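This report concerns only the one structure given below.
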Amino acid sequence: MKKLTVLVLALLVVAWSGSMAQTYKVTFKVNMKLELQLGKLTTADKVSVRGNFNDWGETQMLDADGDKIYEVQASFDKAKLTDGKTLAFKFFHNGAKATNTGWESINDRKIDITGDKVLDVLWYDDKGASGVNATVNFVANMKLPLKQGDLVKTPLPGKVFAAGDFNGWSTSATELKDDDGDSLYTATVDTIKSGTTINYKFLYSNKSNGLVWENDPNKTALILDGTNKVERFFNDVNPNVQLKDGTVSFYVNMSVLEQLKVYNAANDGLQVRGGFNGWNGDDKDRSWMIQDFLAPANWFLPVGFVKTEVPSVNQYKFFVAKKDTAGWPDGWERPLSQGGGNREFTFEGKANQETAAVFYDDVYPGYFMSAAGTIKFRVDMKDAFDPTKIAVVMKAGDKVYYISEQPLFCKVMGWRDSDNQTYAELTDADGDKIYEGSVTMKAGGFNAFEYRYGILRAADKSWTVETAGFGKNAYRVRFIAQTGKNKFVQPYTAPTDKWTDKEDKSDQVEKFPTGYDPTDIEELNTGIPTKYSLDQNYPNPFNPVTKIKFSIPAEENVSLKVFNVLGQEVATLVNKQMKAGSYSFDWNASNLSSGVYFYRIEAGSFNLTKKMLLLK
């Protein structure tokens with residue numbers, strides 16, 4: 001009996017030892033670089049491996065050294081594996097912008113194992129970017145430009161190109177061809193390294209032998225290992241759309257630039273540029289603005305559109321063609337309302353469509369500064385010291401500078417228009433990583449600051465400037481606070497900025513100065529009038545902006561409205577309680593057609609109607 005007991009115990013020990021030998025240790029590794037680069041995942045999110053070894057639960061993986069490769073060693077019983085040998089698994093993350101709810105979209109990964117194992121590094125979703133030369137097939141669907149007749153195949157075929165940072169934005173290096181006549185123009189490039197996010201656009205030579213670019217912003221594509229297909233409609237517009245002809249009129253007021261003494265209509269030219277004219281002034285009939293002889297500060301241009309998508313968003317900007325470009329080589333405006341980006345209008349296919357009348361760069365007359373004014377800027381640079389937020393962190397001795405991105409500002413200030421400006425340094429005296437510095441706009445300048453920040457490295461004198469791009473709100477916009485037209489708060493400190501690598505800085509963009517809306521009715525500050533009055537509008541006739549003045553000797557509810565010849569109300573200019581005083585209102589009638597209109601004021605028992613003529 002004693003021998004039998006010993007034998008049973010021995011067998012149990014052997015069985016227990018065999019069971020212990022069936023525990024495997026497997027190290028999983030996954031490269032999450034692309035998910036992070038695409039913004040689908042942040043370093044604060046959780047990455048896991050899930051499989052049959054953990055009953056498809058979550059085993060969290062960590063990136064201890066910040067190389068974007070997450071790993072974990074998992075211990076599990078052999079019995080968890082299919083047929084005791086097949087390990088099935090997938091990677092998973094909980095990023096807010098994850099696709100497929102965070103799971104890899106590929107089939108289950110499967111591998112047979114017979115013991116402890118360290119798996120090779122795998123790319124999430126098997127989408128790799130190891131930095132080797134990849135093959136990129138560009139495909140531009142040009143059916144719409146061909147349909148519109150602007151890109152022609154005979155007698156002299158127009159050419160299609162891809163231009164981007166991969167070829168130095170060359171307009172001829174990468175030609176796309178349509179060998180089979182299907183309107184899909186193609187080219188293959190094999191010199192772009194995987195892991196690169198390229199910026200690019202398609203362009204073509206049109207029937208007038210001009211170059212037509214796609215609209216801003218630039219298009220982007222993340223290049224992976226192997227073969228990549230970059231295919232789009234030109235301008236991302238489906239060719240199977242409704243096309244119409246029409247005319248669009250553009251309007252801009254140059255009075256502030258004349259007051260700044262940087263624009264002289266006798267010597268300098270003015271253009272509107274957009275996708276509709278190839279973003280250049282070669283076609284004068286479609287680009288060079290016409291001066292309004294009734295109001296010389298106003299400029300206009302009607303532009304015909306042929307076979308254009310309805311509705312479609314079109315981009316444009318105004319451009320000053322200086323006779324002498326010294327000090328102002330870049331005549332492109334950087335509209336404050338767009339944070340430096342392009343203006344837009346939606347084409348409606350009408351015979352007399354009009355865009356809103358604007359001031360060049362959106363610099364209103366009320367922004368003009370007869371005396372110098374100073375604004376203090378503060379920027380939180382903590383993210384510039386964080387290696388998870390910036391590729392090369394700031395170090396002791398590095399300097400921070402305010403970089404103006406408004407060529408008009410640089411012209412007025414006498415600054416060199418570049419991304420390496422050292423005119424306005426910000427410093428951190430107390431070591432809290434909040435840098436401070438001031439900019440003084442000279443007398444005879446204007447109140448508007450459009451900018452980003454740059455870091456000048458002490459080690460090698462290289463620059464790191466915040467990302468911008470070509471889209472809306474690529475730059476910050478700030479103003480000195482105002483108490484009224486041409487009245488500025490001094491001293492003044494702007495809201496604290498935050499260093500960012502985002503192209504869109506809309507969270508750090510102001511629409512108007514605090515305390516002053518230049519589009520609102522203006523009080524003239526000429527004292528308390530003794531009687532009610534409504535002046536004749538000026539200019540009259542007008543196109544499309546005119547000034548209407550009125551006076552009230554006591555506080556009243558004031559209504560100022562515009563009517564057409566049929567007595568129909570077309571605009572309400574004022575409808576509110578107002579204190580005694582004299583006022584002026586600039587009315588923009590760009591959305592109305594030519595004709596006679598009547599404007600009527602009602603204030604208490606006073607009412608008066610006058611006639612005006614809109615002549616386009």
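Take the Cβ-Cβ distance between Val313 and Lys68 as r, set R0 to 41 Å, and report the resulting FRET efficiency rounded to the nearest 0.05.
0.65
Taking only Cα atoms of segment 461-537, what ratio of Rg to Rh do you get with Rh as the Kirkwood inverse-distance radius?
Reported Rg/Rh (Cα atoms, Kirkwood Rh): 1.19.
Using only the Cα atoms of segment 457-596, each taken as one equal point scatterer with no solvent, compute I(q) by the Debye sum, divide by I(0), and report log10 of the ratio at q = 0.09, 0.10 Å⁻¹.
Log10 I(q)/I(0), no solvent term: -0.48, -0.57.
Describe numerically, in nm with one decimal, the distance between label points set 7 Å from Cα along Cα→Cβ at Asn137 and at Ala356.
Calculated label separation equals 4.5 nm.
What is the spin-label model distance, in nm, from Ser593 to Thr496 if the labels are put 7 Å beyond Cα along the C-beta direction?
If labels sit at Ser593 and Thr496, their model points lie 5.7 nm apart.
Which one, Val358, Thr514, Leu224, projects farthest toward the positive side of the charge dipole computed for the chain from Cβ point charges (K/R +1, D/E -1)?
Going by the charge dipole, the pick is Thr514.
Which residues in segment 430-474 place their backbone N less than 16 Å from a point set 7 Å from the Cα of Asn420 along the Cα-to-Cβ direction?
Of the residues in segment 430-474, 454-466 have backbone N under 16 Å from the label point off Asn420.
Give the calculated FRET efficiency between Ala371 and Leu615 to the nearest 0.05, with a Förster radius of 41 Å applied to their Cβ-Cβ distance.
0.60
Roughly how much of Phe512 is accessible, in Å² to the nearest 10, using a 1.4 Å probe?
Ignoring ligands and nucleic acids, Phe512 comes out at about 40 Å².
Can you tell me which of 311-321, 559-569 comes out highest on packing, and rank the rest after it, using the mean Cβ neighbours within 10 Å?
Going by the mean number of other Cβ atoms within 10 Å, highest first, we get 311-321, 559-569.
Between Asp517 and Ser584, how many nm apart are label points set 7 Å from Cα along the C-beta direction?
Going by the 7 Å Cα→Cβ label model, 2.0 nm.
Quick one: length gained pulling Ile106 to Gln148 fully straight, 0.36 nm per residue minus the C-alpha distance?
Full extension of this stretch gives 10.9 nm more.
Using only Cα atoms, tell me the angle between helix 2-20 and the longest principal axis of the chain; keep it within 0 to 90° and round to the nearest 10.
Here the helix axis deviates by roughly 30 degrees.
Per the Kirkwood treatment, what hydrodynamic radius in Å, one decimal, follows for the chain from the mean inverse distance over all distinct Cα pairs?
In the chain this quantity evaluates to 29.6 Å.
The values are calculated or read from the model by the stated rules, or taken from the named source; none is laboratory data. Everything numeric in this text was worked out from a predicted model, so none of it was measured. Reconstructed Cβ throughout: ideal geometry from the backbone, glycine too, with neighbour counts over all protein chains shown. When the accessible area is computed, the model is the full protein with side chains, heavy atoms only, and any ligands, DNA or RNA have been set aside. Shrake-Rupley method; radii C 1.70, N 1.55, O 1.52, S 1.80 Å.
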